[in-house]
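Right, one structure below, let's go through it.
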Amino acid sequence: MSYTARTFSLPELKGLSPEQIAAHLSLYEGYVKHTNLILDTIQKLRTEDADGNAFVINELRRRLGFEFDGMRMHEYYFEQFEGGAQAPSGDTLVSAVSEKYGSWEGFLTHVKEVAGTRGIGWVVVYSDPKAATLHTAFVNDHELGQLVGLPILLAVDLWEHAYMVDYKPAEKKTYVEAFLENVNWTVVEARFTA
C-alpha cells in the first residue's frame, strides 16, 4: 500500500500568496513521501530479518506517527480552502458552536485566542459525539496531544512554514485572520454532520 499526495483545487486565497501555498504544499508532499518510505522500509526490514531488525523497525514505527499525522493534518488543512471561502450552509454546525461558545463570533474569537498560544503547533477543533460537544485544542506536535478518537472539524496550521513567506513570526495573528477568512465552512460543516 502506498499513499499518493493529493491535489487540492485551491482558489486564490486572500492574504496567502501562491508562493506561500506552493511552499506549504511541497512540505505536505514530503510527509507523504516519508510516510511511504517508512512503511516500505519496515516491510523490507521485516522480510530480511524481523528479529534482527526489531530495534530499527520499532524506531521507524515511532517515526511513522510524525510523518503520517503530518500528511493527514495537512490534508485537513488544505481541503478547508477548496471551493473558496463560504459560510456554513445549514444550522447544525452553527447551533453546536453557539451552544459551546455563545455564538459564531464567540467561536471565531475562541479559535483566535487558542491560536495565540505561544509556540508552534496546530489549533484543532474536534467534535465529541459521545458527549455531544466540541473541543478546541492547541496541539504542539501533530503526532502528540491529539484528542483520541475525536473527529477533526477544523485544523489551523501554526507552524511557521504555513505563513513565513507572507508573514513574520510576530504576525501570526494576521495569518490566523487570513486563514479564517479563506475557510470554506461548508467543508467543516460536512465533517461535523458526518
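Nothing in this text is a laboratory measurement; each read-out follows from the coordinates by a stated rule. Predicted, not measured: the structure shown is a model, and the values here were computed from it. Reconstructed Cβ throughout: ideal geometry from the backbone, glycine too, with neighbour counts over all protein chains shown.
Using a Förster distance of 30 Å, how high is the FRET efficiency between THR117 and ASN58, based on the Cβ-Cβ distance and rounded to 0.05?
Calculated transfer efficiency: 0.40.
To check my understanding: the extent here is largest minus smallest coordinate of the Cα atoms along each principal axis. What are those three numbers for region 63-107, in Å, largest first?
Computed over region 63-107, the largest-to-smallest principal extents equal 40, 25, 15 Å.
Can you give me the long-range amide H partners of LEU134? Hydrogens built in the peptide plane at 1.01 Å from N, cutoff under 5 Å, separation of 5 or more residues or another chain.
Counting only residues 5 or more places away or on other chains, the set is ASP128.
Which net charge results for the neighbourhood of GLN20, defined as the other residues with beta-carbon distances under 14 angstrom from its beta-carbon, given Lys and Arg at +1 and Asp and Glu at -1?
-3
Round to the nearest 10 and give me the degree value, 0 to 90, for the angle of helix 92-101's Cα axis relative to the longest principal axis of the chain.
Helix 92-101 and the main axis of the chain meet at about 80 degrees.
Compute the acute angle (0 to 90°) between the alpha-carbon long axis of helix 54-79 and the principal axis of greatest extent of the alpha-carbon atoms of the chain; round to the nearest 10°.
30 degrees
Lysines near LYS44 by alpha-carbon distance under 22 Å, same-chain residues fewer than 8 away left out - which ones?
Result set, ordered by chain and number: LYS33.
Longest segment of the chain with no trypsin sites (Lys or Arg not before Pro) in a DSSP loop having at most 12 other Cβ atoms within 10 Å?
Counting only loop sites that pass the neighbour cut-off, the longest clear stretch is 15-117.
What residues have an amide H closer than 5 Å to that of GLY121, excluding those fewer than 5 places away on the same chain, when H is modeled at 1.01 Å from N in the peptide plane?
Close amide H contacts, sequence-distant or interchain: LEU158, TRP159.
Give me the net charge of LEU134's neighbourhood, meaning all other residues with Cβ under 12 Å from the Cβ of LEU134; Lys, Arg count +1, Asp, Glu -1. Numbers along the way, then the final one.
On the way: positive: LYS100, ARG191; negative: GLU99, ASP128.
Cβ neighbours under 12 Å give a net charge of 0.
Can you pull the percent of Cα pairs in the chain with separation above 31 Å?
Working: 4197 of 18721 pairs.
Pairs farther apart than 31 Å: 22 percent.
Which lysines, on any chain, are close to LYS130 with Cα under 16 Å apart, when same-chain ones fewer than 8 places away are left out?
The qualifying lysines are LYS100.
Based on alpha-carbon atoms only, what is the radius of gyration of region 81-192 relative to the globular estimate 2.2 N^0.38 Å?
Dividing the Cα radius of gyration by 2.2 N^0.38 Å gives 1.04.
Express in nm, to one decimal, how much length is gained between LYS168 and THR92 on full extension, taking 0.36 nm for each residue of separation and deducting their alpha carbon distance.
Between LYS168 and THR92, full extension yields 23.7 nm more.
Please give the helix 18-49 orientation as an angle from the longest Cα principal axis of the chain, in degrees from 0 to 90, rounded to the nearest 10.
30 degrees
Compute, for region 92-193, the length of the dipole vector about the Cα centre, with Cβ point charges of +1 (Lys, Arg) and -1 (Asp, Glu) only. Units Debye, rounded to 20.
180 debye
Averaging the inverse of every distinct alpha carbon separation and then flipping it gives the Kirkwood radius. What is it for region 18-79, in angstrom units?
Values: mean 1/r = 0.0794 Å⁻¹.
Here the Kirkwood hydrodynamic radius works out to 12.6 Å.
Need the list of lysines near LYS14 for cross-linking: C-alpha distance under 20 angstrom, and skip anything on the same chain fewer than eight residues off.
LYS112, LYS168, LYS172, LYS173
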